[in-house]
1. Sort out which residues of region 27-41 are assigned to a loop (DSSP other than H, G, I, E, B) and either free of Cβ contacts under 8 Å to residues at least 12 places away in the same chain or at negative phi (or both), and write them in order of number.
2. Looking only at region 128-155, count how many residues are surrounded by 13 or more Cβ atoms within 10 Å (Cβ to Cβ) and either without any contact (Cβ under 8 Å) to a residue 12 or more places away in the chain or within 18 Å of residue 42 (Cβ to Cβ) (or both).
3. Does residue 80 fit the bill of being within 30 Å of residue 140 (Cα to Cα) and assigned to a helix (DSSP H, G or I)?
4. Spot the failing condition for residue 24; the list is (1) surrounded by fewer than 24 Cβ atoms within 10 Å (Cβ to Cβ); (2) touching a residue at least 60 places away in the same chain (Cβ under 8 Å); (3) within 25 Å of residue 256 (Cα to Cα), and only one is missed.
5. Could you list, in sequence order, the residues of region 115-157 that are at pLDDT below 90 and outside any helix (DSSP H, G or I)?
6. Examine region 50-65 for a residue that is surrounded by 24 or more Cβ atoms within 10 Å (Cβ to Cβ) and over 28 Å from residue 167 (Cβ atoms), and state whether such a residue exists.
7. Considering only region 202-218, state which residues are farther than 24 Å from residue 288 by Cβ and crowded, with 22+ Cβ neighbours inside 10 Å.
8. Identify the single condition in (1) under 17 Å from residue 192 (Cβ atoms); (2) in contact with a strand residue (DSSP E or B) (Cβ under 6 Å, 6 or more places away or on another chain) that residue 27 does not satisfy, given that it satisfies every other one.
């Protein structure tokens, strides 16, 4: 049961990456490779500040701000220097590899006795669950899972409400039809800057929470996160199909949890960890192709 809850917690934490990729790729049609670097950046900043004695909430917010800055850098390179989105993301993500290493000081930093957000939640919510008859160890992990779920719900709700405001609607329009947005007097470059700042702040938040959950930050922890985010978004869409903004956000988060459960099940079934990346790519391919195949068969 604890293993299952741990899988859920990890999947929910990484759902923030899925939400970030949903914003950049789905709403702004921007294939943002910065995701890998900003995920690590969020974890590095949060871990460094926690070791320095910062409050875990403030450390996590600082990591989010750092991730937003990385997204702004990518958007500026694309919008105002005319560099293609993929190349702009690659340039920033490559630069962040050095930034993260310098900021962390070494390749891996354990949090040790630092108090994390998950520790705070476990101390406050765990005893309440124990009074309800839940085992102490199970109560601690259940508290962590509930916290991760709450964070994802809040993030998805804020995104939904924001992108239904006048500014949020303009940002969505700028991503879908930039020509029309420019005709209406909107600066699509600034809209992209805002969108990537939001996307990468979410990704950095995921990095900060993952570092706190696993108890250490590593300069390699962000490798493959853009693929994870894409897999979660496409898997969620394959499960739900065409939907409105609210359902699409929920589907992206659900896709992350589903994908994590699939990965955990494959590893427990005996999949060689060396083949995990290849299996991830296969899941993404299946999520991309399956809806088209099913659609063509239904028409036939």
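The values are calculated or read from the model by the stated rules, or taken from the named source; none is laboratory data. What you see is a predicted model; the values in this text were computed from it and never measured. Ideal geometry is used to build each Cβ from the backbone, glycine not excepted, and the neighbour counts take in all protein chains shown.
1. Pass one, region 27-41, residues assigned to a loop (DSSP other than H, G, I, E, B): 28-33.
Correct list: 28, 30, 31, 32, 33.
2. Within region 128-155, the first condition is being surrounded by 13 or more Cβ atoms within 10 Å (Cβ to Cβ), and the residues that meet it are 129-130, 134-135, 138-149, 151-153, 155.
Then keep just the ones that are either without any contact (Cβ under 8 Å) to a residue 12 or more places away in the chain or within 18 Å of residue 42 (Cβ to Cβ) (or both); that gives 130, 134-135, 147-148, 151-153, 155.
Residues meeting the conditions: 9.
3. Values: within 30 Å of residue 140 (Cα to Cα): no; assigned to a helix (DSSP H, G or I): yes.
No.
4. Single failed check for residue 24: (1).
5. 132, 133, 134, 135
6. Yes, region 50-65 has at least one match.
7. Quick first cut of region 202-218, residues farther than 24 Å from residue 288 by Cβ only: 204-205, 207-218.
The answer is 204, 205, 207, 208, 209, 210, 211, 212, 217.
8. Status for residue 27: all satisfied but (2).
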